[in-house]
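Before any comments, here is the structure.
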Amino acid sequence: MAKVGVYVCHCGSNIAGVVDVAAVRDYAETLPDVVIARKDLFMCSDSGQEMVKQDVRDGVVDRVVVAACTPRTHEPIFRAAIEKAGLNKYLFEMANIRDQDSWVHGHDHEGATEKAKLIVASAVAKARNLEPLEDKFTPVTDAALVVGGGIGGISAALELANMGHKTYLLEKKPSIGGVMAQLDKTFPTNDCSACILTPMMVEAYNHPNIETMTYSEVDDVEGYIGNFTVKVRRKQTYVDWNKCTGCGDCASKCPSKTPDEFNAGLSDRRAAFIMFPQAVPKKAVIDIDHCINCGGREIGTEPKVNQKTGNPILAPCERACPADAINRSIAHDPKGSITEIEVGSIVVATGYQVMEKDWFKEMAPASPNVITALQLERIISATGPSEGKLLRPSDNEKPHTITFVSCMGSRDENFHTYCSRFCCMYMIKQARLLKEKYPQLTINMHFIDVRAFGKGYEEYYTGARTMGINFFKGKVGGLEMLPDDKLRVLAYDMESATNIEYESDLVVLATAVELPKDSVGLAQKLGLQFCGNNFFRELHPKLGPVETAVQGLFVAGCCQGPKDIPDTVAQAKGAAAAAAVPLAQGKVKIEPIISEVNPDICSGCGICVPLCPYNAISMKPTADGPRAEIEMSACKGCGVCTSACPSGAIVLHGYEESQIFAQIQALTA
Amino acid sequence: MSFMPNIVGFACQWCTYAGADLAGNLRAKYPPSIKLIKVPCSGRVEPEYVLEALANGADGVLIGGCHFGDCHYKTGNYKAANRMKILKKLIEDAGFDSRRFRLEWISGAEGYRFAEVVEEFTKELQELGPNPLKGGNGNGK
């Protein structure tokens, strides 16, 4: 007979302020097999845990139920405690009477107390039926994968590589660098973005422990912590990167134009192109979606032969390449080439995208002189389309008045309720840089309010206020296009409590930060979850900021939520440290909450085999015919097979039928 | 006074159980009718569990899983959805109003939605009245 101990937590006033803890304790004592019921102000405190441990050591209890908060955060703590005291840690069950009771039923103390009793009864019913389980261990592949080659991914990869772990750095674009490579300068120090980023890009690319895989994406992921198999799909470049010297001659001869993503669409690039001058690796790519097969030279065919000379007729890009690196005869394969890599942990740092201006119909998106802040960044960058000169796109004239509008799509119920966090600061940075360069320029900035939260940020902002930049508190209601490509700004100024109207030559919209579209597909391949704002969800908002619900999978940077460069780097280094833990340990624990077949009961029907999402079940021949068998390391414990087995031959440890029936009976008693 | 129904909930630990925890974090209020049994996946819930709960006098049964495409185990929620389609008929055959059973997709981010679903389900059950097998008030006491 089980000896169940029940420990009811006050959680300060979190539980006791609503639930009558003493009444729950008294009730627990009346439940079958409960030998002792205690309560404490904080069960998770040292003294609270010690109380449980002492009862275990004294042999008073052999099953433990803690009625407190959620097992999602505290189950590991109590399991570790009873294990230390000498009890199998799986002989533990939690009753969630805080998150799912006192916190949500503050309006009904009596109802909450009655509910707490039933929740405790359910936990005790399960605990009576618990069986001891043993953890298993599996070896780890000492390598990591970092998905995303922006400043977050680069930082994480460098940390992992410097700790001595082989690291794959994956980037879907031809070059690493991410959005930071597109920036001119960075707040609050006005460092040149390229000057601080480029050396890191080169360091990562040349690091002996880092293998950089660009123009590549995750195709598929299998496995589990310590033993992931990742299929990496590299898009076709038609350029032999072993030969390409990055001279750019192919680009200069390519006749096909398409908007340049690196310049945020403000200029054109060619179909044969190098992403940007400081690209790492500095290699050319032929973007087949925009290649026009000029010169009659279809991709994937052998060149035609000149009848007179007998020489092959090559495309301009092929002819231009001094290194003979371009080969258009390679068959077009949209799938690209697949490489399989084995890693022990994965860091996802896929960054962000900004909303396009077309979302904001009231902001005259049709005007070329309404631009996003990322476009302004390219305009003022020395590597941008105007080589750093402030020219408005419609006529390449110098503007006299420039307007900044904050919170376009952020803090807006129509789009995103969240704050994009770094827009206020980069707008102030852009304004300061422009004011320093063009003192005569009139700069008007419209904010809901300025959020200068970081180290040195407030000083940067107050400094800007002394520079002759006009700050308005209040929203811009709309823009009107005027005949001379100017825009009329219609805004509200809260400080003077009046509507204001003026003409502006250029308007910059600080559009909201979002998760990149293609990161959604990645999430499904990896098993990542989303938070309410549609960014990747971390394990715990405070205490698990880089971990995810998938063990061995970590997140860093803007894909987890908008953040600036210092925060991204900090989180990336944190994610790298966390990702290195299983690699350093050399083995990982496999929780025994997995399914197992009892071959004596199995009828060999095979219903379970196709149901398993991990192909973990196979039919093994025995003297009595085939019997199902589950591969332990592949099973993740979903229990789909257990539920489907017509013979009841499959047990999901930790969620056994007898345990669940006992819970149902307790809740309906 | 309307009675407080007794709802047995089966919640997948990745989505709906996390959503219910989030409702707590958000201090979203809902009636104390539901008590959750944590399961790894909605695909772990056997139709017998629902029938057992109703036969024992539960006024309502809820299964909560991840939205399609979000399942931690890829496809467990699809399997749950298929099983429960048939179950609805079985519930009717057993003489229960099939509105006593609900299958809902509630993500870990949908704390307020969890509260809304429980609120609404509770109201519906209050209109339906107690489980006919029990007769007395919803808690069966």
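We did not get these values from a lab; they are worked out from the coordinates using the rules stated. For clarity, every value in this text was computed on a predicted model and none was experimentally measured. Every residue, glycine among them, receives a Cβ derived from its backbone with ideal geometry; neighbour counts consider all protein chains shown.
One chain, two ends: B:LEU128 and B:LYS89. Fully extended at 0.36 nm per residue, the span grows by 12.2 nm beyond their Cα-Cα distance. For B:LYS29 and B:PHE68, the difference between the fully extended length at 0.36 nm per residue and the C-alpha to C-alpha distance is 11.4 nm. Listed by chain and number, the lysines whose C-alpha is less than 21 Å from the C-alpha of A:LYS304, apart from same-chain residues fewer than 8 away, are A:LYS253. Residues in the range B:112-134 near a label at A:THR417, defined as backbone nitrogen under 19 Å from the 7 Å Cα→Cβ point? Flagged as within label range: B:112-120. Taking 13 Å as the cut-off, no amide N atom of the range A:618-656 comes nearer than this to a point 7 Å along the Cα-to-beta-carbon line of A:GLN524.
Modelled spin labels at A:ASP240 and A:VAL581, positioned 7 Å past Cα toward Cβ, are 4.7 nm from each other. Normalised by the number of residues in the range A:355-512, the mean separation of alpha-carbon contacts (under 8 Å, six or more apart) gives a relative contact order of 30 percent. With a simple spin-label model that places each label point 7 Å from the Cα along the Cα-to-Cβ direction, the separation between A:ASP220 and A:ASP58 comes to 5.8 nm.
Between the Cα long axis of helix A:109-128 and the first principal axis of chain A there is an angle of about 70°, rounded to the nearest 10. Ranked for footprinting exposure by Cβ neighbours inside 10 Å, fewest first, A:MET200, A:MET481 give A:MET481, A:MET200. Once you order the gyration tensor axes a ≥ b ≥ c over the Cα atoms, which shape class does the range A:355-512 get: rounded for a/c under 1.5, otherwise prolate or oblate by comparing a/b with b/c? Rounded, because the longest to shortest axis ratio a/c is under 1.5. With 0.36 nm allotted per residue and the present C-alpha distance subtracted, the A:HIS540-A:GLU342 stretch has 68.5 nm of extension available. Applying the Kirkwood pairwise sum to the alpha-carbon positions of the protein assembly as shown produces a hydrodynamic radius of 30.0 angstrom. In percent, rounded to a whole number, the relative contact order of the range A:228-379 is 31, using alpha-carbon pairs under 8 Å and six or more apart. Seen against the Cα atoms of chain A and their longest principal axis, helix A:151-162 is set at about 60 degrees. Listing A:THR511, A:THR70 from fewest to most neighbouring C-beta atoms within 10 Å gives A:THR70, A:THR511. Extending 7 Å from the Cα toward the beta-carbon at both A:THR138 and A:SER47 defines two label points whose distance is 4.4 nm.
Taking trypsin sites (Lys or Arg not before Pro) in DSSP loop conformation with at most 12 other Cβ atoms inside 10 Å as exposed sites, chain A has its longest uninterrupted site-free stretch at A:1-307. The ranking of B:LEU90, A:LEU652, A:LEU543 from fewest to most other beta carbons within 10 Å of each one's beta carbon is A:LEU543, B:LEU90, A:LEU652. Net charge dipole, chain A: roughly 1420 debye, given to the nearest 20, about the Cα centre with Cβ charges of +1 for Lys and Arg and -1 for Asp and Glu. Using the Cβ-Cβ distance between A:ASN396 and A:THR189 with R0 set to 25 Å, the FRET efficiency from 1/(1 + (r/R0)^6) comes to roughly 0.20. Taking every lysine pair in the range A:49-186 that is 8 or more places apart or spans two chains, those with Cα atoms closer than 27 Å amount to 17.
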